[in-house]
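Read the structure below first, then the notes.
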Amino acid sequence: MKPTSPQRIPVIDSHTGGEPTRVIVGGVAEPAGDTMTEKRAAFAGELDWLRSATVCEPRGHEALVGALLCEPCEADCVTGIIFFNNVGVLNGCLHGTMGVAVTLLHQGKIGAGIHRFDTPTGVVSVDISSTGTVAVENIRCFRTHQNIELDVPEFGRVTGDIAWGGNWFFLTNAPRNLAVIPENVEALTRFSWTLRQLLNSAGHTEVDHIEVFGPPADSATANSRNFVLCPGKVYDRSPCGTGTSAKLACLFDDGILSEGQIWRQAGILNTIFEGTVSAAPDGGVLPTITGTAIVTAEAELLIDPSEPFAFGIPYRLT
Ligand code: PYC
């Protein structure tokens with residue numbers, strides 16, 4: 001239920017390789033639930049006003065990812081986290097996990113070292129340095145489909161895979177007429193959005209992220225460059241930690257990446273996540289993704305229910 005009295009919500013903002021995270025650090029009642037999935041459902045059902053007030057305009061913007069800290073459900077975790085964006089709740093979010101880690105470090109709630117966070121996708125463990133470099137040990141990631149072929153108007157025939165990296169990704173190489181460079185963000189968005197609609201109509205309703213690969217700008221510093229379109233039709237400014245995890249699962253499956261070998265994934269802005277894998281006992285891989293997050297603001301959101309955009313401007317997809 002939307003509040004009827006003014007609210008003050010303390011937040012800490014950060015960015016990870018350019019992708020922003022806003023962490024709600026207090027001022028909110030705990031969502032009910034015995035698991036993080038139940039808590040996320042309670043948040044989606046009862047606190048959607050908080051999601052849109054926090055990340056949508058006029059207080060936020062389309063690329064902003066939010067994170068609500070709550071009580072963890074698993075032992076030995078320092079916090080539970082529910083991630084959300086401009087259109088709803090997310091499964092996992094590794095750039096956001098790095099953002100939460102630097103936020104807690106900034107607040108003095110954790111020190112440098114290893115900590116466990118409880119999320120709807122499972123427990124992830126972070127190893128944070130005092131300078132904000134965070135290595136996240138992700139949950140098990142795996143590929144479910146290979147060589148799916150689709151005809152994309154304007155761009156031609158596309159072949160790609162579906163993999164779980166903490167979110168569901170369709171992974172494909174960029175068409176020949178579409179370089180993965182910032183100048184092409186509009187066309188990459190059009191291409192990816194069409195792909196997502198085609199996949200969803202073909203029954204792959206789980207796919208909510210599209211990841212498009214091209215050669216790196218500098219092959220001495222990265223193996224590949226990606227463009228990732230998130231569920232709210234907004235591109236990830238970072239190389240996307242769950243997307244990099246999905247990529248590593250495919251590379252391992254293809255025999256291109258071995259255990260412990262470093263993969264450097266550049267994003268559209270040329271920031272880099274480093275990834276390695278170990279083989280998971282039940283198949284797939286256990287990725288570790290490393291990036292750097294930086295705290296950019298401490299603030300208090302003022303939400304006055306009597307003003308027209310108290311709960312954000314709804315984001316419309318076309
Ligand atoms: O880094 O996993 C990630 C992510 C998901 C959505 C935006 N960033």
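With ASN86, ASN138 as the choices, which residue is within 12 Å of the ligand (Cβ to nearest atom) and in contact with a Pro (Cβ under 7 Å, 6 or more places away or on another chain)?
When all the criteria are applied, what remains is ASN138.
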Checklist outcome for this item: Subset of region 73-99, residues within 18 Å of the chain's Cα centre (by Cα) and at pLDDT below 95, comes to none
Checklist entry - Pick from VAL102, VAL124, VAL158: which is under 15 Å from the mean Cα position of the chain (by Cα), among the β-branched types (Val, Ile, Thr), buried (at least 17 other Cβ atoms within 10 Å of the Cβ) and modelled with pLDDT of 95 or more? => result VAL124
Checklist outcome for this item: When region 53-62 is checked residue by residue, the ones that are more than 21 Å from GLY92 (Cβ to Cβ) and surrounded by 17 or more Cβ atoms within 10 Å (Cβ to Cβ) are ALA53, CYS56, ARG59
Checklist entry - Has region 142-154 got at least one residue that is farther than 21 Å from THR290 by Cβ, open to solvent by 20 Å² or more (accessible area, probe 1.4 Å) and not in a strand (DSSP E or B)? => result yes
Item to check | Odd one out for ALA246 among (1) more than 18 Å from GLU19 (Cα to Cα); (2) touching a Pro at 6+ places or on another chain (Cβ under 6 Å); (3) within 16 Å of the ligand (Cβ to nearest atom) | outcome: (2)
Checklist outcome for this item: The residue that is most open to solvent (accessible area, probe 1.4 Å), considering only those in region 1-52 that are among the basic types (Lys, Arg) and either assigned to a strand (DSSP E or B) or in the same structural domain as GLY122 (by TED's automatic domain parsing) (or both), is ARG8
Checklist entry - List the pairs whose first member sits in region 252-274 and is more than 16 Å from GLY241 (Cβ to Cβ), whose second member is part of a loop (DSSP other than H, G, I, E, B) and of a type in the set (A, V, I, L, M, F, W, C), and whose Cβ atoms are under 7 Å apart, counting only residues at least 6 apart or on separate chains? => result ASN270/ALA217
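The values are calculated or read from the model by the stated rules, or taken from the named source; none is laboratory data. What you see is a predicted model, and the numbers here were worked out from it, not measured in a lab. For neighbour counting, all protein chains shown are included, and Cβ atoms are generated from backbone atoms with ideal geometry for every residue, glycine included. Only protein heavy atoms, including side chains, enter the accessible area calculation; ligands, DNA and RNA are left aside. Shrake-Rupley method; radii C 1.70, N 1.55, O 1.52, S 1.80 Å.
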